[in-house]
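The values are calculated or read from the model by the stated rules, or taken from the named source; none is laboratory data. Remember, predicted model here, so these are calculated numbers, not experimental data. Please note: Cβ atoms are built from the backbone with ideal geometry, for glycine as well, and neighbour counts cover all protein chains shown. For accessibility, only protein heavy atoms count, side chains too; no ligands or nucleic acids. Shrake-Rupley method; radii C 1.70, N 1.55, O 1.52, S 1.80 Å.
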Amino acid sequence: MSRLKLRRIGMLMEPEPGNPHEVEGVLNPAAARGPDGQLYLFPRLVAKGNYSRIGIARVRFNDAGDPAGVERLDIALEPEADYERRADGGGGCEDPRITFVEPLKRYIMTYTAYSSSGPRIALAESEDLIYWQRMGLATFALWRGVELGDEDDKDASFFPVAIHNPSGHRELAMLHRPLFSGTRPEESACNPSPRAVDLDRESIWISYCPPTLEHHNPDRLGRFTSHHRLAIPVSPWERLKIGAGTPPVLTRHGWLILYHGVSDLAKPNSEVHQLCYSAGVMVLSEKHPQVIRYRSAEPVLKPELPAERHGTIANVVFPTGIDRRDDLGLPDRFDVYYGMADNRIGVARLDLPEVLPAAGEINPLKATI
């Protein structure tokens, strides 16, 4: 068992009574420190009919420095662009992640835009976390003849600095998870277990683009032209699928991310496949982030509380926001904000040890399950 575990602090947000924007849930927030030093959350607010907006809330802390509540402020984004709206009148701006990208000198939000074409990665920018401007959909070069921009995609987040791509050039890098046909958890659950991992499909990917905005369109990033698999499902708790969770944060050990894995809770010979979303830790090399230095063999957080086991979707913990507690003088302490059963928001704490545990999967691309 890994010594890296998350310690729950508590539930931070739940649907506000009488608020039509949140009647179907408040979940999966981004987290970022503003220019004023305060911590802001950007929860997905789900109205009737799975109509999703991205809100803005300021976190309140108690005297011990623990997150204790929020002050709802505004709406950051709601479905307005064509790529966020569906023909039936629905739409979605969902599951944001936010990083202050130093080469661009601004905050970049990645979020899932849900239109009639399906989920796609969309981008927005801000200088203050309050006012956001859309940058459009992320664009991709071909991968093995596949037009990635035409594939469903989710769970994207940026590294805060330019990093070395496989050719040795410094570029912006984004984690994401393409959803190829036949690899969704609902589809994969129907396959017998154990099974060999599909190395080309079920993965967290890393893609690279130039570290500047386009000259002819200063509100857009360039095309992501290099794509590489970073990690695939390995352990039983992540058998069906893995996806990036919190944006990468640089620590003494390398780039830290919390990610999610999906397993099947179905009983033997059952035709009903009930999914379980748990969280794990991954640490990537600082100089070469495609190298995984540590990966938890067991979940660091799994659905156990009633609010995590029962909700809009049962048995879900889904990490999306992270806050390093530099404000307390504790650079090895991280508060992780996560969705609870697609209905509420919880917060848990990770204290990094001086030395990474010896246990964990290091070379998952050669594994089968």
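In the full protein context, the chain carries 42 Å² of accessible surface per residue, based on a 1.4 Å probe and ignoring ligands, DNA and RNA. Note on segment 205-259: Kirkwood radius taken over Cα pairs, Stokes-Einstein applied at 25 °C and 0.890 mPa s, translational D equal to 177 µm² s⁻¹. For segment 11-76, the C-alpha radius of gyration sits at 1.12 times the compact-globule guess of 2.2 N^0.38 Å, with N the residue count.
Placing dummy labels 7 Å off each Cα toward the beta-carbon, the span from E214 to S117 is 1.3 nm. Of all DSSP beta bridges confined to the chain, the antiparallel ones make up roughly 95%. Apply 1/(1 + (r/R0)^6) to the Cβ-Cβ distance of N62 and V249, taking R0 = 22 Å, and write down the FRET efficiency to the nearest 0.05. That gives a FRET efficiency of 0.40. Within the chain, what whole-number % of the accessible surface is contributed by carbon and sulfur, with the 1.4 Å probe and all protein chains included in the calculation? C and S atoms contribute 48 percent here.
Using mean Cβ contacts within 10 Å as the protection proxy, how do 330-339, 132-141 order, highest first? Provide the component values of the computation, followed by the final result.
On the way: 330-339: 21.6, 132-141: 18.4.
So the order, starting with the most tightly packed, is 330-339, 132-141.
In the chain the Cα-Cα distances spread across 10 Å bins starting at 0 as 5, 25, 37, 26, 6, 0 percent of all pairs.
Relative to the globular-protein estimate of 2.2 N^0.38 Å, the Cα radius of gyration of segment 1-111 stands at 1.19.
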